[in-house]
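Undergrad: Please see the structure below; I have some questions.
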Amino acid sequence: VLAYPTQPEGNVGKYGGMRQEYLRQHRKATYGRMRLEGTLKQHLLEMNEQAKQMVEQLIERMLVTNPAPDRAQQLAWVQHMNGLKGQAEEIVRNELIYA
């Protein structure tokens with residue numbers, strides 16, 4: 001009788017889901033092996049956590065060279081922060097999720 005190993009608890013999150021989809025579509029052998037070995041969910045949880053931390057760190061570094069406008073200008077501040085987050089997420093996708 002084949003049985004999958006027990007999986008860790010938790011939601012794989014946004015970046016873990018992106019990684020899962022990438023592996024499923026572009027790294028089929030790795031995806032299949034990880035599923036059979038029972039290591040896929042742990043990998044996805046770790047990737048999600050790593051990606052979230054990397055996005056936060058990148059935004060902090062970007063704010064040093066490109067500071068946000070005063071919060072009193074709420075719309076400008078939100079636009080600026082969303083732009084930085086978009087840039088950071090693009091870097092994370094290219095360097096972590098799709099690597």
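Quick note: the coordinates plus some simple rules give every number you see, no bench work behind them. Computed from a prediction, not measured in an experiment: that's the story for all the values here. In this analysis, Cβ positions are derived from the backbone assuming ideal geometry, glycine residues included, and neighbour counts consider all displayed protein chains.
Undergrad: Kindly indicate which of VAL92, VAL78 is loosely packed, with under 14 Cβ neighbours inside 10 Å and assigned to a helix (DSSP H, G or I).
TA: VAL78
Undergrad: Please specify each residue of region 44-73 satisfying the condition of being among the acidic types (Asp, Glu) and surrounded by 11 or more Cβ atoms within 10 Å (Cβ to Cβ).
TA: Passing the criteria: GLU46, GLU49, GLU56, GLU60.
Undergrad: For ARG35, work out the one condition from (1) over 17 Å from TYR98 (Cα atoms); (2) part of a helix (DSSP H, G or I); (3) under 17 Å from the mean Cα position of the chain (by Cα); (4) of a type outside the set (Asp, Glu) it doesn't fulfil.
TA: Of (1) over 17 Å from TYR98 (Cα atoms); (2) part of a helix (DSSP H, G or I); (3) under 17 Å from the mean Cα position of the chain (by Cα); (4) of a type outside the set (Asp, Glu), only one is false for ARG35: (3).
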